[in-house]
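Notes follow once the structure below has been shown.
The values are calculated or read from the model by the stated rules, or taken from the named source; none is laboratory data. In this text the structure is predicted, and so the values were computed from the model without any measurement. Note that we place each Cβ from the backbone using ideal geometry, even for glycine, and neighbour counts take in every protein chain shown.
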Amino acid sequence: MSKSFLIPGRLGLAGSRIPHADRHGLLWLSRGKLHVSDGTLRFQTAGGQDFDAGDYAIPYQSVSMVLIGPGTSITHDVLRILARHGTLLAAVGQGGVKFYTAPPMGRGRSSIARAHARLWADENSRLYVARRMYAFRFGEVLPHREISALRGMEGGRLRKLYEIIAQKYGVNWQGRRYDRQNPKAADLPNQAINHAATFVEAAADIAVAAVGALPPLGFIHEDSSNAFTLDIADLWRTEVTLPLAFSVAAKVEKEPSLQLERELRFEAARWFRRRKLIPSMIDRVKELLKVDDSDRDT
């Protein structure tokens, strides 16, 4: 006889408050079949690391976003029923290291999007948020009030951080080099940074989508359609991206038979889970945008 009960939140995400007045946070599902039976959303799985084998009823009307991981199949009816009730769905990599889909935000509160737009539209407040981002990253408020000057100071500090973290993990560092047209031409440490940055950006994609912020409206990055996502990901460059990249690069240098991207992907999933990276990003987005979601008015 199959089990039938609700699945608790995974990856520590259930406690991350999303802007729905009457819903929980995010629900992580992997390695199973998500389908609709008699009007009920169900997840059938043979079991794995996160939960036991069984047939679970999914409370889609009381969660904000469903994340489906590797090994998960989904039916057309699932998309229909989630869209009808304003529940977001995203396909993600193991542990949240990839973000494959970003559906429209649908119904719900617009407070975060409106706060984001207001801060971005005013030149002074946009610079204020940018300076706060640099303060989070470097532990001090940088003195300059021009974004170009702030970017210049950032570049100098990052170059030094690359050297320090590479030395910590015993990696031979020759400087940051990246050819977008031929990324595999880079040396092993630079390839590792490229992969790690992609994974952390995916986590930021999830966080930004989950709270309903506006990806194109970046405060430091400007030209990209996911500029704000890149802003958020950069807040963890020193704490997560570089240590993750250099630690795995050192491992692969010692064991050349290992595949760099694969090792980084699995290690990133462990880091994200252990550090509760995505919930931390969600909280930081709301802090930066000065959104107090204790006010539940829509």
>> If I ask for residues that are acidic (Asp, Glu), within 22 Å of PRO70 (Cβ to Cβ) and out of contact with any His (no Cβ under 6 Å at 6 or more places or on another chain), which ones from the stretch 247-272 would you list?
In response: GLU263, GLU267
> When SER224 is evaluated against the numbered criteria (1) of a type in the set (Ser, Thr, Tyr); (2) more than 30 Å from ALA149 (Cα to Cα); (3) outside any helix (DSSP H, G or I), which criterion, by number, is the only one it fails?
Replying inline: (2)
>> Consider the stretch 61-85. How many of its residues are surrounded by 16 or more Cβ atoms within 10 Å (Cβ to Cβ) and within 21 Å of GLY95 (Cα to Cα)?
In response: 9
>> Take the conditions under 14 Å from the mean Cα position of the chain (by Cα) and without any contact (Cβ under 8 Å) to a residue 24 or more places away in the chain and apply them to ALA227. Does it pass?
In response: yes
>> Could you tell me how many of the residues in the stretch 243-297 are outside the structural domain of MET133 (by TED's automatic domain parsing) and of a type in the set (Ser, Thr, Tyr)?
In response: 1
> Any residue in the stretch 259-273 that is without any contact (Cβ under 8 Å) to a residue 12 or more places away in the chain, over 23 Å from TRP120 (Cα atoms) and of a type in the set (D, E, K, R)?
Replying inline: yes
> What number of residues in the stretch 189-220 are in contact with a Leu (Cβ under 7 Å, 6 or more places away or on another chain) and surrounded by fewer than 18 Cβ atoms within 10 Å (Cβ to Cβ)?
Replying inline: 0
>> Could you check the stretch 137-150 and list, in sequence order, the residues that are assigned to a helix (DSSP H, G or I) and surrounded by 15 or more Cβ atoms within 10 Å (Cβ to Cβ)?
In response: ARG137, PHE138, ILE147, LEU150
> In the set TYR169, TYR134, TYR128, which member is within 20 Å of ALA196 (Cα to Cα), surrounded by 12 or more Cβ atoms within 10 Å (Cβ to Cβ) and in the same structural domain as ASP223 (by TED's automatic domain parsing)?
Replying inline: TYR169
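Condition check ((1) at pLDDT 95 or above; (2) closer than 16 Å to GLN94 by Cα; (3) in contact with a Pro (Cβ under 6 Å, 6 or more places away or on another chain)) across all residues:
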| residue | (1), (2), (3) |
| --- | --- |
| TRP236 | yes, no, no |
| VAL248 | yes, no, no |
| ALA269 | no, yes, no |
| LYS276 | no, yes, no |
| ILE282 | no, no, no |
> How many residues does the stretch 154-196 contain that are in a helix (DSSP H, G or I) and either within 15 Å of THR238 (Cα to Cα) or in contact (Cβ under 8 Å) with a residue 12 or more places away in the chain (or both)?
Replying inline: 24
